[in-house]
Amino acid sequence: MQHVPSWLQCALLPDRWNVSGVSVSALSVWHHFVLGAVGNPYLWGGDPTLEDAAELLLYCGLDYAHGKRLFSHPFYRARCVRRVARKLRKRPFADVDAEVRYYVKSCLRTPQHVQIVKAANGAETKPAKSPLVWVLVQFLCAGNPDKIGAAWDTSFATARCLFDAHRDIAGECDSLEDADQERRYDEMEEKKGVA
């Protein structure tokens, strides 16, 4: 099977998952925070139990607003716990464990950071960079996750022009060619193609 880069995997990550019969969303910032606060071993190491799997699926089955209710409404929490427990009761722990591990591994796979490399002249270089398409998506949605779908659907040429224009206006880019340079480059490319 062909290697799937983490950037592509993040772009293709499903919004909803079926993990051992429990419907959960992709592991979110809220889920990561709450599972860290309770020390769930699927994220923080250790030997997980069926209760740990149920706890993870309990939290990941809810968004932030409903997750808050778990802590302030005991009857709501009991109902949610029963719902998850009923699904897991019929399954062997080995199967549940494998599915939960796969879910966590898939949802937490992100690009890794490498150490900054010192150049020969002592300057710091950054060997790892975000792919241009992710830079464009971030620019187009301005950090608003509700706009990510529309950002992905924007034509590449339009997105690139908007991004370059923004950088040019802000004085962050001095490498854009002007209209005359573009015309000469197009003529040169055309001559290469004909010859």
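The values are calculated or read from the model by the stated rules, or taken from the named source; none is laboratory data. Since the model is a prediction, treat every value here as computed from it, not as a measurement. Every residue, glycine as well, gets a Cβ built from its backbone with ideal geometry; the counts of neighbours run over all protein chains shown.
The table below gives the values:
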| item | result |
| --- | --- |
| Residue selected from the range 1-35 under the condition part of a helix (DSSP H, G or I) and aromatic (Phe, Trp, Tyr), by the criterion farthest from the chain's Cα centre (by Cα) | Phe33 |
| The one condition in (1) at pLDDT 95 or above; (2) assigned to a helix (DSSP H, G or I) that Gly67 fails to fulfil | (1) |
| Options Val19, Val29, Val34, Val96; residue that is out of contact with any Ser or Thr (no Cβ under 7 Å at 6 or more places or on another chain) and in contact (Cβ under 8 Å) with a residue 60 or more places away in the chain | Val19 |
| Helices (runs of 4 or more DSSP H) lying entirely in the range 83-195 (those with 2 or more residues that are over 28 Å from Cys10 (Cα atoms), aromatic (Phe, Trp, Tyr) and at pLDDT below 85) | none |
| Extreme residue, farthest from Leu88 (Cα to Cα), among residues of the range 36-63 that are in contact with a strand residue (DSSP E or B) (Cβ under 8 Å, 6 or more places away or on another chain) and in a helix (DSSP H, G or I) | Cys60 |
